[in-house]
Amino acid sequence: MHMHCEIYAEKIELGTTNIVEVYVEKAMAPYHYDKGKKAFAWDWYQIGGRYMGSHDDHNPRDNPNNHETCWLCDGTGKRMDMVVENGCNGCKGTGVHFKWSMEWEKHQGDVMKLSEVKKHLTAYALIIPNFGQELWMGEWWNGEQYVKTGWDGKVLDKLKEKGLTDGYLITVDYHE
Ligand SMILES: [Zn+2]
């Protein structure tokens, strides 16, 4: 399953993508399935991914670069090689195919200052590294089963509770 994780960062050098990626890698490392399943165990993740735009309600469908000419019908909307109902089955007859999330153009808003993030942001998991590698989840694996933790998923409220009102959030899509 794909899950929405938010990672807190005190400081980030914006524009230096690699630094964000290294930071996320470190934050996620303790939960890799190779290390044994703790609260959760991922086998894949991506910054943004299918949770792209969570900070600002950006819709990846609104970015023209996330669409491509349908290769099944070469943009005509009609399958010439087989009979299908309602136009080409790759694009519902539109000739345009919405790309898979792995291929979407990066969205800058997936790394965002806390002050700009929408107030009601919720996530499945929140990692707060450098403060004891703190992890918050609505439910987690206790070694035998998933148990509810009582956290409501409200990211900004949790950070505020910990006195963190400045810094950044990074949206991550992980697979478990
Ligand atoms: Zn098509």
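Would you mind classifying the range 64-103 by shape? Square roots of the alpha carbon gyration tensor eigenvalues, ordered a ≥ b ≥ c; an a/c under 1.5 is rounded, otherwise it is prolate if a/b is larger than b/c and oblate if not.
Working: a/c = 2.50, a/b = 2.28, b/c = 1.10.
Since a/c reaches 1.5 and a/b is larger than b/c, the shape of the range 64-103 is classed as prolate.
Lone cysteines in the chain, going by a 4.7 Å Cβ-Cβ cut-off?
Cys5
On a 22 Å Cα-Cα criterion, which of the cross-link pairs Lys11/Lys158; Lys119/Lys158; Lys113/Lys160; Lys106/Lys160; Lys37/Lys148 come out too long?
Beyond 22 Å between Cα atoms: Lys106/Lys160.
Provide the gained length on full extension for the span Glu139 to Lys37, in nm with one decimal, where the gain is 0.36 nm per separating residue minus the Cα-Cα distance.
Between Glu139 and Lys37, full extension yields an extra 35.3 nm.
Calculated from DSSP H runs of 4 or more alone, at -39500 (n - 2.57) each and per residue, what is the 222 nm mean residue ellipticity of the chain, nearest 500?
-3000 deg cm²/dmol, from helical runs alone.
Compute, for the chain, the length of the dipole vector about the Cα centre, with Cβ point charges of +1 (Lys, Arg) and -1 (Asp, Glu) only. Units Debye, rounded to 20.
Dipole about the Cα centre, nearest 20: 260 debye.
Rule-based calculations on the coordinates, nothing more; no lab input. Since the model is a prediction, treat every value here as computed from it, not as a measurement. Positions of Cβ are backbone-derived with ideal geometry, glycine not excepted, and every protein chain shown enters the neighbour counts.
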